Amino acid sequence: MNCPKCNAENTNDAKFCQVCGNPLTNNVNQQTMNLENTYVPNMNDKKKKKGCLKSVLIAVGIIFAIIIIIGIASGNSNNKKSSTNNNSVIFCTQVDKDLKPIGESESFSVGSVTVELKSSEKFDTDKVKVTLYKISGGSEAIVDSSENEVNPDWSVVAFPINIKEAGEYRVDFTKNGKDKVGSGKVTIK
C-alpha cells in the first residue's frame, strides 16, 4: 500500500507509513467512506427529472383546460338566463279564446293594444307586473304600471293596454318584483 503523503511503499497490514509516519488505516477507511457518501450524478436521474417535469406540465395543462371548459359552459348557461328564457312579447289587436294573437303588428293607432307574453316555461308566480314606458329621445318615462294575477302553471298571458298618445313605447313584464320575464317595443301613431 502506498502512503498518500509521501508515496512510499508500505505493507498492506501497516497502520502507519514507515517513511513519514502518516496514518494509513484511517486514510484508507476515510477514502472508502468518502466514496460511499459522495453523490455521483447518474444519467438516469436526469432522465427521471425531465420525465417528472414533463408529467407535471401535462397535468397542469389538463387542469387549465378543464377550468376553461367549465368557464365557457357556465358562461353559456348564464347567457341563456339573461335572454329572458327565450320569452316573446307580441303586440296585437286582440287574442282569441286560446290566447292566440289576432292582428299582430309593431305599429298601432292610438287606443287599446293587447300585449301578450309567451314564456318558454311556467311563470311559477301568481302575479306578473306589466310596466309601460314612453320612449322620448334617449330617455324613458313610466306611463302605466299594473300588477296582474296569473296562474303559476301558465306560460302565456295577454293584457289590454290603453295608450292615449302617439309615440314609441316599451312594455316590460316582471315577476317577484324584479325578475324581467319579457320586454317588447311598439309604435303608436
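The values are calculated or read from the model by the stated rules, or taken from the named source; none is laboratory data. Worth saying up front: this structure is predicted, and the values here are computed from it rather than measured. A quick note on method: Cβ atoms are made from the backbone with ideal geometry, for glycine too, and the neighbour counts reach across all protein chains shown.
Brief remarks follow.
- Residue within the stretch 168-179 that is closer than 20 Å to residue 113 by Cβ and acidic (Asp, Glu) present: yes
- Output for the stretch 81-100, where each listed residue is crowded, with 18+ Cβ neighbours inside 10 Å and at pLDDT below 90: 84, 87
- Selection within the stretch 125-142 - in contact with a strand residue (DSSP E or B) (Cβ under 9 Å, 6 or more places away or on another chain), assigned to a strand (DSSP E or B) and surrounded by fewer than 17 Cβ atoms within 10 Å (Cβ to Cβ): 127, 135, 136, 140, 141, 142
- Residue count for the stretch 141-174, restricted to those that are within 22 Å of residue 109 (Cβ to Cβ) and not polar (S, T, N, Q): 16.
- Selection count where residues are of a type outside the set (Asp, Glu), without any contact (Cβ under 8 Å) to a residue 40 or more places away in the chain and in a loop (DSSP other than H, G, I, E, B), scope the stretch 143-189: 6
- Condition check for residue 144: farther than 25 Å from residue 98 by Cβ, assigned by TED's automatic domain parsing to the domain that holds residue 118 and under 31 Å from the mean Cα position of the chain (by Cα): no
- Selection count, the stretch 101-123, where residues are modelled with pLDDT of 90 or more and surrounded by 14 or more Cβ atoms within 10 Å (Cβ to Cβ): 8
- Pairs meeting the criteria (first residue in the stretch 100-111 and over 15 Å from residue 189 (Cβ atoms), second residue aromatic (Phe, Trp, Tyr), beta carbons under 8 Å, at least 6 apart or on different chains) are 104/91.
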